[in-house]
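The values are calculated or read from the model by the stated rules, or taken from the named source; none is laboratory data. None of the values given here were measured: they were computed from a predicted structure. Using ideal geometry, Cβ is built from the backbone for each residue, glycine included, and neighbour counts are taken over all protein chains shown.
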Amino acid sequence: MEIQFSFLNEFLLGKKLVPRNWGILLKDIEKDLNELVKSNIGSNDQLSEEVKIYLNNIKDDEKNYKFLNKLIEFLISSKEGEMKTIFGNYKSKLINELLNIKKRYQDKNLYLSEAAKEANYILKFGLSHLEKEQREIVSKIKNTRKKVQELNTTKDKNIELINSELSSFGLENIITYSKVGLNTDYFPRDKISDGLQNFYDKKLKHFSSELFEEINELLKDDVLFNLYLELIKEANVDLVDSDKYIMEHLINFPTLKMLIGNLEKIGSESELSDNEKENKYSIELIDDSTIENSVSDENFKNFVILEESPLLIRLFEDRQLFGKLLMELYEIESFIKRSLVESFGMEWKAKINMNTDTKYKTIIEFYNLVKKIIGKLTESENYEIITFKRNKYVVIEKKVEVFFSIFNNIINQQNLINNLENRIKQYHQDLSESQQRYTESTQKLKENVILLQNELKNLLKKEYIIKGINK
């Protein structure tokens, strides 16, 4: 005969197998059983250590009829059960109290209600909760793996970025790798700084060489100033015979004039030491004591103070001088362009190519050269080189900090990856434990159903099959 599990309690009450107040009676029995176990764990010296460990590991909600039977069997098979009276009764107070509680369970078949109650809880709440828990853990594993994948992608991009940036400075092998990828134990700050110093030194040397060669070409043989003079005279008829006035008052380019004949001093301006920069004068031993203005003192009659050659021109370091040079170049560019516009109109670039006059070819050559020099002095890449010349620390440290920031990001990302991977391991462990609890709960459910079916068969002398418990 079949019984739907959802109607099991009504069936038990209908067959008068259990009393209607079974809940209250069962609660009292479970309370007494729990208190009995707890009191004996601490106070019963006759209990073996093995028994105490067993009792300590049992949870309160597991102290039921099935536990009671197992405990009685356990105690009877231990030394506790060996002590009996001449009538065959157990001397152990604990065993006798447990047998009394078992009798209370059996008198009104309360163990049936307890089994049905536990099975109902497992079916409606226990298994559902564990299923939900496992779904959440699986979702966490999936989401965490996705985060790890995203972090690995970002980390790989940062590794590619730092390698690319270092390679652009000729520092390909400066950061080492281990079997697991980038070696994040050590940031080679000193090696990177030295490598950047060497890189910018070479760039500065090349840049300076090209720049001063172009400036030298611009100032060669005073062709620029003579051309400028001619264009001014063409634009101002009243000044045709005033070359001296024009050169002194209208062509006022002191920075460019200062550079004439001094370019060799600019090109090697980094060669002087700090000590040489400070010492502008030297004392030289001479034999001729008749030199005018020599020191009259008897002890110093064979010495004369000589002034050394002027210090090198600091074009890059002297911001004011650098700015003046740019202003003069801009003025020349603007003047030549204005002259070309006046001669050929706004479309002078197209028309100038068709003009075969040598004069205009020279003008356009100077115009292009001036623009090229201005571009070289103002391009962001070259300005970085100029800044390096002015203050090496600023440029190098700025670059090093950029590399360190990327490197630090890689470290942080790797640490996050490690933490997330450890979290995934923990999730897998949690999932395994939840699955184990699910298996145990399923087994308990089956045991309760089997108990109910067997007891119903014994009590009602008929076989019953409980349905509606499959999950």
Number of positions in segment 152-170 that are under 18 Å from the mean Cα position of the chain (by Cα) and in contact (Cβ under 8 Å) with a residue 24 or more places away in the chain
8
Subset of segment 154-166 (residues that are closer than 13 Å to LEU416 by Cβ and among the polar types (S, T, N, Q)):
THR154, ASN158
Give the residues of segment 431-446 that are farther than 21 Å from LYS142 by Cα and small (Gly, Ala, Ser), sorted by residue number.
SER441
From the list VAL18, VAL51, which one is buried (at least 16 other Cβ atoms within 10 Å of the Cβ) and at pLDDT 90 or above?
VAL18
Can you spot a residue in segment 89-103 that is β-branched (Val, Ile, Thr), assigned to a helix (DSSP H, G or I), more than 20 Å from VAL449 (Cβ to Cβ) and in contact with a Lys or Arg (Cβ under 9 Å, 6 or more places away or on another chain)?
no
So which pairs qualify, if the first residue must be in segment 437-463 and outside the structural domain of LEU17 (by TED's automatic domain parsing) and farther than 12 Å from ASN120 by Cα, the second must be among the charged types (D, E, K, R) and in a helix (DSSP H, G or I), the Cβ gap must be under 8 Å, and the two must be at least 6 apart or on different chains?
TYR438/GLU131; GLU447/LYS66; LEU451/LYS66; GLU463/LYS457
Within segment 381-401, can you find the residues that are free of Cβ contacts under 8 Å to residues at least 60 places away in the same chain, polar (S, T, N, Q) and in a helix (DSSP H, G or I)?
THR387
